[in-house]
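S.K.: Before we start, here is the structure in question, set down as structure tokens.
The values are calculated or read from the model by the stated rules, or taken from the named source; none is laboratory data. As the structure is a prediction and not an experimental result, all values here were calculated from the model. Glycine gets a Cβ as well: all are built from the backbone with ideal geometry, and neighbour counts include every protein chain shown. Only protein heavy atoms, including side chains, enter the accessible area calculation; ligands, DNA and RNA are left aside. Shrake-Rupley method; radii C 1.70, N 1.55, O 1.52, S 1.80 Å.
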Amino acid sequence: MPRVFLSFRKRDSRWMRERVYRALSDRLGPEEVFKSSESIPPGADFAEVLVHQAAACKLMCVLIGPGWLDARSEDGVRLLDRAHDWVRLEIATALRAGNRVVPVLLGDATMLPGASELPVEIAELGRLQFLRVPEAHLPDGLEDLGDELAALLPGAAVGAATDPGPGAAPTAEPGPPTTMTARVSGGGSAYQAARDQTINLT
């Protein structure tokens, strides 16, 4: 089961959202990252899957771009103020379950919403320490994000795997221990007497 749940608003910062998803999939493994448009199989009850994954994840990343807070429906109502808004439901579910929720701010100028700007059941989000993926230094920002999240997941490698390069020699497989018998000769005492010594080389 994926341990990282990406919560996002479809209209908000789509191109950066996709870059985050690809970077985390490469860094942590695609099986570790849940993204609704990629992870829900055809014919599945998407509402049931979303709620289950939000409750079961170890870490929820709430991707917040410039349009996240004030996105509105055609009738002018702010989406977050609707009880059935999926972003609101996902975050509330993860918070109730006691999962770690990390706001991830997309872009250089995006601000973390204040608790007073959010519905009561997700107001805690406005008090949580955030991470930022800056647009001006996107490759470095994505790498830093992957490292920060990997450090929060037990068993995830903290550093990216190192490619030894095409000219590097393969790492030798450890072989069985080698046994050598050496005869040491001497005289004058029991400790200097001739004896056989077996040395194990591993």
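S.K.: Scanning region 104-125 for residues that are out of contact with any Lys or Arg (no Cβ under 9 Å at 6 or more places or on another chain) and open to solvent by less than 20 Å² (accessible area, probe 1.4 Å), which turns out farthest from Ala55 (Cα to Cα)?
M.R.: Of everything passing the filter in region 104-125, Pro113 is farthest from Ala55 (Cα to Cα).
S.K.: I'd like the full set of residues that are open to solvent by less than 50 Å² (accessible area, probe 1.4 Å) and out of contact with any Pro (no Cβ under 7 Å at 6 or more places or on another chain), limited to region 68-91.
M.R.: Selection gives Trp68, Ala71, Ser73, Gly76, Arg78, Leu79, Asp85, Val87, Glu90, Ile91.
S.K.: Residue check, Pro113 against (1) touching a Gly at 6+ places or on another chain (Cβ under 9 Å); (2) assigned to a loop (DSSP other than H, G, I, E, B); (3) farther than 23 Å from Tyr21 by Cα, all met but one. Which one?
M.R.: (3)
S.K.: Restricting attention to region 27-70, which residues are among the acidic types (Asp, Glu) and either touching an Asp or Glu at 6+ places or on another chain (Cβ under 6 Å) or farther than 14 Å from Lys10 by Cβ (or both)?
M.R.: Glu31, Glu32, Asp45, Glu48, Asp70
S.K.: What do you reckon, is Val102 at pLDDT 95 or above and either acidic (Asp, Glu) or closer than 19 Å to Pro2 by Cβ (or both)?
M.R.: Considered against the rule, which asks whether it is at pLDDT 95 or above and either acidic (Asp, Glu) or closer than 19 Å to Pro2 by Cβ (or both), Val102 comes out as yes.
S.K.: Report every pair of residues separated by at least 6 positions or lying on different chains whose Cβ atoms are under 9 Å apart, first residue within region 98-110 and part of a strand (DSSP E or B), second open to solvent by 10 Å² or more (accessible area, probe 1.4 Å) and of a type in the set (S, T, N, Q).
M.R.: Between residues of region 98-110 that are part of a strand (DSSP E or B) and residues that are open to solvent by 10 Å² or more (accessible area, probe 1.4 Å) and of a type in the set (S, T, N, Q), the close pairs are Val102/Gln129; Pro103/Gln129; Leu106/Ser13.
S.K.: Scan region 1-53 residue by residue and report those that are basic (Lys, Arg) and within 23 Å of Glu135 (Cα to Cα).
M.R.: Arg9, Lys10, Arg11, Arg14, Arg17, Arg19, Arg22, Arg27, Lys35
S.K.: Would you mention how many residues in region 1-17 are modelled with pLDDT of 95 or more and open to solvent by 40 Å² or more (accessible area, probe 1.4 Å)?
M.R.: Residues in region 1-17 being modelled with pLDDT of 95 or more and open to solvent by 40 Å² or more (accessible area, probe 1.4 Å): 1 in total.
S.K.: Only one of Ala150, Ala156, Ala94, Ala136 is open to solvent by less than 40 Å² (accessible area, probe 1.4 Å), in contact (Cβ under 8 Å) with a residue 12 or more places away in the chain and part of a loop (DSSP other than H, G, I, E, B). Can you tell me which?
M.R.: One residue alone meets the criteria, Ala156.
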